[in-house]
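Presented below is the structure to which this report refers.
Taken together, the values in this text are just the output of simple stated rules run on the coordinates, not laboratory data. The structure displayed is predicted, hence computed values, not measured ones. Neighbour counts run over all protein chains shown; Cβ positions are idealised from the backbone, glycine included.
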Amino acid sequence: MALCFFVMIPTEISTFGIPGQLLFALLLVGTLAIFVYTATRRWQLMTAGGPPDNRWDRIGERIRGLVEFGIVQRKMFRDPYAGLYHILIFGGFCILSLRTVSLVLEGLFPRAGMPFLPPGLWHTYLFLKDVVLVTTLAGVILALGRRYLFRKERLDPSLDAAVILCLIGFLMVTDLGAGAAMFRLHPEHALAAEPVTALLSTFLAGASPGVLRGIYIACWWLHLVAIFVFLNYLPFAKHFHVITALPNIFLRKLDPPGKLSTIDIEKAAEAEKFGVSRLEDFTWKQKLDIFTCTECGRCREVCPTHLTGKPLTPKGFMVDLRQALYTEAPDIVDTAAGRADAAAAERMANRRPLVGGWIDEETIWACTTCRYCEYACPVSITYTDKLIDMRRYLVLEKSEFPKEAQTAFNGMERQGNPWNLSASDRDAWTQELPFSIPTMAEVEDKNAIEYLFWVGCAGSYEDRGKKVSRALATLLHEGGVKFAILGSEETCNGDSARRLGNEYLFQMLAQQNCETLNGYGVKKIVTNCPHCFNTLKNEYPDFGGKFEVLHGAELVSHLVKEGKVKLSAKIEKSISFHDPCYLGRHNDVYDAPREILSAIPGLKLKELPRSRETGMCCGAGGGRMWLDEKIGARINQSRYAEIEAAGTDAVGVSCPFCMVMLGNATTEMNGKTEPFDILELAAKALPAQPSSGQGASN
């Protein structure tokens, strides 16, 4: 079809007495006008209300991510079958966009040709076009096969998906049909650059010129009309992501995954508005996330709440939000623009509530914030921020939250720990050590301290956690690290308070801790709790606490590599390792714990089927450590069943919450696989226990 515009142009034929060129121009203008109107309304909906959200920083990093996750679609290929058909269809859209431009120009300016490409490059493009028409059609067939022949549980039946896929296939078929007819009708203009078109034209060998002209004109018009329909159908379908996915990936969150947004408590209090209670309270980027959900279900098939029968599925959550957003869109847009009439105002005043209406409260409280859904999402949607924003509304504005959370809140506020134990006993765990650990208040030369050991609430009060604290202190002492603790001056870091929605309590604790740490000039911190690690490292900078923070496994791994800590005593065990969510997916620390286990003589490490980035949550994150699990199966038991199935003697952990949850599951299920913190094992592998002395001064 390279020279088709020189021999027969469909718009040169009148239809119902209207010149074809004029009819096409009117159709094109109408199509674009409808799309611009719809897109403008979507833009107004996206930008209506909500706090500011700057996503225009670190442009180079955004472009790299756009190429990796948007163009190359690396996340898609975690499922090779899905990755294949997605890249075939996506590649088709990219390459055939020029083809669409050429057809539109052909309709508007019948004799203009293709002025912006030289003949040689145009012939090369025609070859690519010919190949891509077939590969895109193959992608459509594979996609339909996934939905109707080899369907995964994560994919729900969808008429919308079938319509879109059939429409894409129709575009490929009509383009091939038009090309084959023209190829046969004017063989003198045929090009070897179009091998597929040439092959298909052989099936029309016996057709008359009139029939060939009819096929060409019909396919040409059907193809362009289908494109116009496709363009205006997208904003109303789940396939709106065809338009929004690449922008959403470009504008993705670049802050550390485990960092939540910090709200201005004073301004929120003045406005008497905390968190999200209405759709327009979401930021524009959060609403872009809602637009972009592809309903692929990758989040659902990995979510521990869904897998254990809880009401929350990330996919369902996003679908419900989108339904709510589209249902209320006209009134939200008109209200934001100041043109809502009395009827719209009444509808807005009496609309279905977002929290407790569109989204059930049980759904909001079910999330463990493990972030597996966000890791799985191919278009960089975030879920936990939206759920936490709703929790903030429930806690701070309505004072409605699970009653068990009140005990934890009271303990953190009064005693500085969720167990509500005496603050004066915070350093009692040190009494069984054969050496002493000074507090920062006792150290005269603060600059001599290399690390502040942030013990954390579990490491200070929970029985097994205290053993791990002693193990880490022993390893640091053995490695010659000069360290100190805060003792009774340490208080809860506030992770659970923030993730349970009590932002006010979190900020109070954060400001108190930052003031204490900065007062002592602390620069480096080591902690064995991933929740403390994430909060101190990623969230305290918002409150002036800028520290170099290491997890205990990271520091001990360094000491072992440097030969400062020698692990020589054999431990004859087979062991698996459970990756803590807040150490792994939130902070990308996977290797350090395994390096320690590999350095212990006699230990044989066996990876669990779900490990590293795909590890399953223990169920304690997001403040769920302090809440009863009343619906469905218990997450800790589900995870422990996987661990037991591995058949190892023990399972290694690097989180006190994981230790509690898996320890409880061991008892509840009469399990044989005992959990150990890897630092406990490392301390047991030391050649001899260190002698008494000063932990910070020797």
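Here are the numbers for this structure:
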| quantity | calculated |
| --- | --- |
| Theoretical gain in end-to-end length, Gln406 to His558 [0.36 nm per residue, Cα-Cα removed] | 50.7 nm |
| Under the Karplus curve 6.51 cos²θ - 1.76 cosθ + 1.60, θ = phi - 60°, whole-Hz ³J(HN,Hα) for segment 252-259, x wherever Gly or Pro sits | 4, 5, 10, 4, x, x, x, 8 |
| Cα radius of gyration and Dmax for segment 4-250 (Å) | 20.1, 66 |
| Under 11 Å, Cβ to Cβ, from Gly663 - net charge with Lys/Arg +1 and Asp/Glu -1 | -4 |
| Per DSSP, loop trypsin sites (Lys or Arg not before Pro) in segment 319-370 with at most 10 further Cβ within 10 Å | Arg339 |
| For Val549, distant residues with modelled amide H under 5 Å away | Ile525 |
| Sites Lys672 and Ser97 - FRET efficiency at Förster radius 60 Å, r taken between beta-carbons, to 0.05 | 0.50 |
| Where labels lie 7 Å past Cα in the beta-carbon direction, separation of Leu121 and Glu68 in nm | 3.1 |
| Calculated FRET efficiency for the pair Ala646/Glu450, C-beta based, R₀ 41 Å, to 0.05 | 0.65 |
| √(5λ) per eigenvalue of the Cα gyration tensor, segment 92-163, largest first, Å | 35, 14, 7 |
| Cα centroid of segment 499-533 to Cα centroid of segment 68-95, whole Å | 42 |
| Extended-chain gain in nm, criterion 0.36 nm per residue less alpha-carbon gap, Asp628 and Arg151 | 168.2 nm |
| Cα-Cα pairs of segment 376-438 separated by more than 19 Å (percent) | 59 |
| Estimated vicinal HN-Hα couplings, Hz - segment 268-274 in sequence order (Karplus 6.51, -1.76, 1.60; Gly, Pro = x) | 5, 5, 4, 7, 6, 9, 10 |
| Mean-position separation - Cα centroids, segment 627-681 and segment 18-49, in angstrom | 57 |
| D (Stokes-Einstein, µm²/s), Kirkwood Cα radius, segment 163-280, 1.306 mPa s at 10 °C | 84 |
| Cα Rg, Dmax (largest Cα-Cα span) when computed across the chain, Å | 31.0, 103 |
| Alpha carbon centroid spacing (whole Å) that separates segment 224-289 from segment 395-474 | 38 |
| Net charge contributed by nearby residues that have their C-beta within less than 9 Å of Lys672 (K/R +1, D/E -1) | -3 |
| For Val651, distant residues with modelled amide H under 5 Å away | Ser576, Glu674, Phe676 |
| Where chymotrypsin sites (Phe, Trp or Tyr not before Pro) in DSSP loops with at most 12 other Cβ within 10 Å are excluded, longest remaining stretch of the chain | 151-698 |
| 13 Å Cα-Cα reach of Lys273 towards aspartates and glutamates, excluding residues that sit fewer than 8 places from it in its own chain | Asp264, Asp281, Asp389, Glu397, Glu503 |
| Where the Cα pairs of segment 290-391 fall when distances are cut into 10 Å bins, in % | 15, 42, 27, 14, 3 |
| Mean Kyte hydropathy of 1.0 or more with a Cα span along the axis of at least 15 Å, helices from DSSP in the chain | 20-47, 80-108, 159-185, 209-233 |
| For q = 0.14, 0.15, 0.22 Å⁻¹, Debye-computed log10 I/I(0) when each Cα of segment 312-450 counts as one equal scatterer | -0.88, -0.94, -1.29 |
| 17 Å Cα-Cα reach of Lys570 towards aspartates and glutamates, excluding residues that sit fewer than 8 places from it in its own chain | Glu595, Asp649, Asp677, Glu680 |
| For segment 429-475, Kirkwood radius (reciprocal of mean inverse C-alpha pair distance, Å) | 11.5 |
| Segment 586-642 - convex hull of alpha carbons, volume per residue in Å³ | 115 |
| Of Lys524/Lys604; Lys604/Lys672; Lys467/Lys564; Lys466/Lys546, pairs whose Cα-Cα distance is over 25 Å | Lys524/Lys604; Lys466/Lys546 |
| Sparse-neighbourhood loop sites, GluC sites (Glu not before Pro) in segment 262-297 - DSSP loop, at most 16 other Cβ within 10 angstrom | Glu272 |
| DSSP-defined beta bridges in the chain - what % are antiparallel, rounded to 5 | 5 |
| Binned Cα-Cα distances of segment 237-317, short to long, each 10 Å bin given as a whole percent | 15, 34, 38, 14, 0 |
| Under 12 Å, Cβ to Cβ, from Arg42 - net charge with Lys/Arg +1 and Asp/Glu -1 | +3 |
| Diffusion constant of segment 201-250 at 25 °C, which comes from Stokes-Einstein with the Kirkwood Cα-pair radius and 0.890 mPa s, µm²/s | 180 |
| At R0 = 45 Å, FRET efficiency that the Cβ-Cβ distance of Ala25 and Phe203 yields, to 0.05 | 0.85 |
| Using θ = phi - 60° and Karplus 6.51 cos²θ - 1.76 cosθ + 1.60, couplings along segment 612-629 (whole Hz; Gly, Pro as x) | 6, 4, 9, x, 8, 5, 7, x, 9, x, x, x, 5, 3, 9, 10, 6, 9 |
| 5 angstrom amide H check on Phe401, placed H, neighbours 5+ away | none |
| Extension gain from Asp341 to Lys570, taking 0.36 nm per residue of separation minus the Cα-Cα distance | 74.7 nm |
| Calculated log₁₀ intensity ratio I(q)/I(0) where the Debye formula runs over C-alpha points of segment 405-684, q = 0.09, 0.10, 0.11 Å⁻¹ | -0.39, -0.49, -0.60 |
